[in-house]
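Notes follow once the structure below has been shown.
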Amino acid sequence: MPGGPPDRPLPIIEDYASVRELIAPVKDVKFWAIGHSSDTGEFSSLTAWNHHEGMLSFCGSRADSCRIGGYVGGDEIQVTVTDVLDYAFRCPPALVLFDRKQWFALQLREVFDSEMYRLRDWSEPRYSRELSEQILRNALAPAVSRLEAFLEKAA
């Protein structure tokens, strides 16, 4: 994942009030994924596979539901929705949750890049802060709705 000096933090999904509100009901829901953790056990990254739509990362409700066969680099790890969204914001795969594509995360990366330009004063950002927030909400709302429906059925 991209790094930066401590005095200039990376933008995260929860930096946007309306996005924070949108994901609040599901933000702490845990999934299994194939990925990597730091030495301290904190989530680090998801493993991704090449696909005609881009890089895919699989998550599931059981540890074995995120394995798709063949060699897989990474371990079965538990992640929260917030972990996955922040990772997708910085390194966008087309995420797959419960064997269904939830969204194509390219829009997330475009917003991340725009916010990085704003934070680092590199040049004029592509999107205004308000438009960035609107793009994120529009990109995430369908995935959050499907996840809420899945959780409701599972309850």
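The values are calculated or read from the model by the stated rules, or taken from the named source; none is laboratory data. Keep in mind that what you see is a predicted model, and the values were worked out from it rather than measured. Positions of Cβ are backbone-derived with ideal geometry, glycine not excepted, and every protein chain shown enters the neighbour counts. SASA here: full protein model, heavy atoms, side chains in, ligands and nucleic acids out. Shrake-Rupley method; radii C 1.70, N 1.55, O 1.52, S 1.80 Å.
The residues of region 112-148 that are open to solvent by less than 50 Å² (accessible area, probe 1.4 Å), more than 19 Å from C91 (Cβ to Cβ) and out of contact with any Asp or Glu (no Cβ under 8 Å at 6 or more places or on another chain), listed by number, are E133, A141, V144, L147. Applying the condition of being hydroxyl-bearing (S, T, Y) and free of Cβ contacts under 8 Å to residues at least 24 places away in the same chain to region 11-70 and asking which residue is farthest from A149 (Cα to Cα) yields T40. The criterion of at least 2 residues that are open to solvent by 50 Å² or more (accessible area, probe 1.4 Å) and not acidic (D, E) is met, among strands (runs of 3 or more DSSP E) falling completely within region 9-59, by 30-37, 49-51.
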